[in-house]
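All of the numbers you see were taken from the coordinates with simple rules; none came from a lab. Note that the structure is a prediction, hence the values are computed from the model and not measured. So basically every Cβ, Gly included, is an ideal-geometry build from the backbone, and we count neighbours across all protein chains shown.
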Amino acid sequence: MPHSAAPILKVEHLSYRYPTGQLALRGVSLTVGLNEIVGLVGPNGAGKTTLLLHLNGLLTGTREPAHAPGLPANPAATGRQTTVGGHNVPIEVLGMPVTPANFPEIRRNVGVMFQDPDDQLFCPTVRDDVAFGPLNLEFPRNEVRRRVAEALTAVGLADYEERRPHELSFGEKRRVCLAGVLACEPSLLALDEPSSNLDPRSRRGLIEILKSCRAAQIIASHDLEMIVELCQRVIVLDHGQIQADGPTRDILGNASLMARHGLEVPLSIQYGLPLPPTASSPPSAT
Amino acid sequence: MAVEFLERYSQGQSLCHRWPARAKIVLTLLVIATGTLLPLEYWPASGCLAGLALVGLSVADIPLGYIGRRLALFLPLVLMTALAAPLSRGFMGAWDTAAVIVLRSTVAFLAALWLVSTTPLETLLAGLCRLGMPRVFVSLLIFTLRYLYVLFDELARMKTAQRARTFQRQSTWRSWLGTTQLVGMLLIRALNRAERIHAAMMSRGWRGRMELLDD
């Protein structure tokens with residue numbers, strides 16, 4: 001794949017086996033360029049979430065090509081672990097290998113949003129939660145306040161600072177999560193099912209917010225219409241392997257490829273429908 | 001919601017509600033300490049402290065019925081403990097000790113009830129934090145407060161799902177069995193959730209110190 005800019009994320013031959021023995025990723029390689037928005041699609045259990053958890057070092061897989069001899073062996077059992085020090089680490093973010101020494105810098109640059117907003121909103125108030133990242137990055141209080149206000153404005157919840165997470169609707173919770181990630185001003189957003197369980201209005205609001213983000217994005221989702229709208233490029237992941245990687249319309253429009261991996265050609269591509277117009281006003285709180 | 005009882009009255013507007021949280025915490029601790037440390041024979045003073053706590057509760061507009069219901073949950077536990085004193089004498093004395101145990105516990109209980117009924121929990125935690133309570137306890141309480149609601153919701157959903165598949169009136173034994181399974185599942189789900197929360201915290205740069213913007 002030709003990329004216009006230097007890669008922000010580079011993954012090479014990433015393999016990961018869960019402690020239970022299940023092989024979740026087999027030799028995954030991909031790159032994401034600056035300002036690129038990449039869709040990550042695939043059936044349930046394909047390894048999408050596992051891949052996202054690797055991007056900021058929450059999981060640490062090994063660097064092994066898919067068909068390397070001995071791959072099915074359990075890394076823990078064979079003592080094969082990621083070599084700390086650079087050259088054998090399967091993931092690089094902004095040129096930095098994802099190793100424990102780089103975790104602070106990497107976690108500041110890679111913002112991960114999880115599926116269940118209740119897992120991510122762990123502070124007593126919306127303000128504390130959005131401030132959590134910047135405070136841990138040890139920014140001065142004034143800078144933290146500025147970032148909180150800015151992030152909440154970006155998601156259309158400017159006057160929600162005092163609210164408590166359990167009083168929010170699901171859509172509002174999801175937006176606060178996004179604000180918490182945006183407050184760290186990451187260069188790459190890794191979003192796990194950002195539109196799941198949202199009503200159409202909240203989903204539309206979220207899509208508009210993502211469109212207005214400057215960061216590169218990797219979006220794992222079953223919401224293929226959203227992928228068509230947001231992403232120029234799509235990666236199909238199945239059985240822990242990358243099955244296809246290319247321009248969105250070519251990949252999602254390929255009926256046999258979609259069928260092979262438990263997906264469907266989105267209706268907008270099937271019927272050649274135009275994309276919804278971009279909202280001119282910022283999304284309002286719902 | 002099932003946990004609304006926790007904060008039913010803490011958002012009020014009375015005189016007590018407007019006092020600064022730190023002053024209320026110190027006052028409550030003083031009342032509890034005095035009430036517990038007074039010698040046995042000073043029990044009328046302990047009684048006065050209980051009265052004082054009740055006055056505080058009435059100034060804060062907390063209904064008597066609510067206080068009564070809280071006490072009804074609390075007193076049986078204390079009575080069991082208090083009975084240990086006479087029990088150790090073969091029920092031949094020490095009844096005064098038992099009575100004082102009940103009285104002291106009631107003082108502490110009423111004072112604490114006054115504190116939590118006049119202070120929203122976030123304010124209370126911020127106050128404790130500023131009074132120098134170790135960060136780790138503050139973090140624990142913050143998480144407890146946040147996830148109590150989530151866990152109660154989860155429990156309510158699981159109960160509904162269980163009821164939806166319960167077709168007839170069950171024997172007590174079977175319903176108890178169902179409840180134990182529910183509690184077990186809740187524990188497992190809570191553990192899994194804890195792992196996900198930890199991952200979310202690590203993602204946003206957690207370094208072991210809970211910071212709140214306001215302190």
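Structure data summary
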quantity: Relative exposure of A:C177, B:C48, judged by other C-beta atoms within 10 Å (fewest first); calculated: B:C48, A:C177
quantity: Other-chain or far-sequence residues with amide H under 5 Å of A:L34's (modelled H); calculated: A:A5, A:A6, A:I8
quantity: Antiparallel DSSP beta bridges within the protein assembly as shown, percent to nearest 5; calculated: 55
quantity: Ranked B:T28, B:T160, criterion: other C-beta atoms within 10 Å, fewest first; calculated: B:T160, B:T28
quantity: For the range A:10-24, Karplus couplings with θ = phi - 60° (6.51, -1.76, 1.60), whole Hz, Gly/Pro x; calculated: 9, 10, 10, 6, 7, 10, 8, 10, 5, x, 6, x, 6, 7, 9
quantity: Chymotrypsin sites (Phe, Trp or Tyr not before Pro), loop per DSSP, at most 12 other Cβ atoms within 10 Å - longest free stretch of chain B; calculated: B:1-90
quantity: Spatial extent of the range A:130-283: Rg and Dmax, with the Cα atoms as the point set, Å; calculated: 17.4, 54
quantity: Residues B:K24, A:K48, A:K10 arranged by fewest to most Cβ contacts within 10 Å; calculated: A:K10, B:K24, A:K48
quantity: Rg/Rg_globular for the range A:183-223, with Rg_globular taken as 2.2 N^0.38 Å and Rg from C-alpha atoms; calculated: 1.16
quantity: Cα-Cα pairs of the protein assembly as shown separated by more than 36 Å (percent); calculated: 45
quantity: Tensor-based shape of chain A (alpha-carbon gyration tensor, a/c under 1.5 rounded, otherwise prolate or oblate); calculated: oblate
quantity: Note, ³J(HN,Hα) from phi for the range A:174-187, Karplus 6.51, -1.76, 1.60, rounded to Hz, x at Gly and Pro; calculated: 4, 5, 5, 4, 5, 4, x, 6, 5, 5, 7, 6, x, 8
quantity: Beta bridges by DSSP in chain A, antiparallel share as percent, to the nearest 5; calculated: 55
quantity: Under 24 Å from A:K48, Cα to Cα: lysines that are on another chain or at least 8 residues apart; calculated: A:K10, A:K173, A:K211
quantity: Chain B: DSSP helices with Cα axial extent of at least 20 Å and average Kyte-Doolittle hydropathy no lower than 1.0; calculated: B:21-37, B:43-59, B:64-88, B:95-118
quantity: Contact order relative to length of chain B, as percent, for alpha carbon pairs under 8 angstrom and 6 or more apart; calculated: 29
quantity: Diffusion constant of the range B:4-128 at 25 °C, which comes from Stokes-Einstein with the Kirkwood Cα-pair radius and 0.890 mPa s, µm²/s; calculated: 160
quantity: Under the Karplus curve 6.51 cos²θ - 1.76 cosθ + 1.60, θ = phi - 60°, whole-Hz ³J(HN,Hα) for the range A:232-241, x wherever Gly or Pro sits; calculated: 7, 9, 10, 10, 9, 10, 8, 6, x, 10
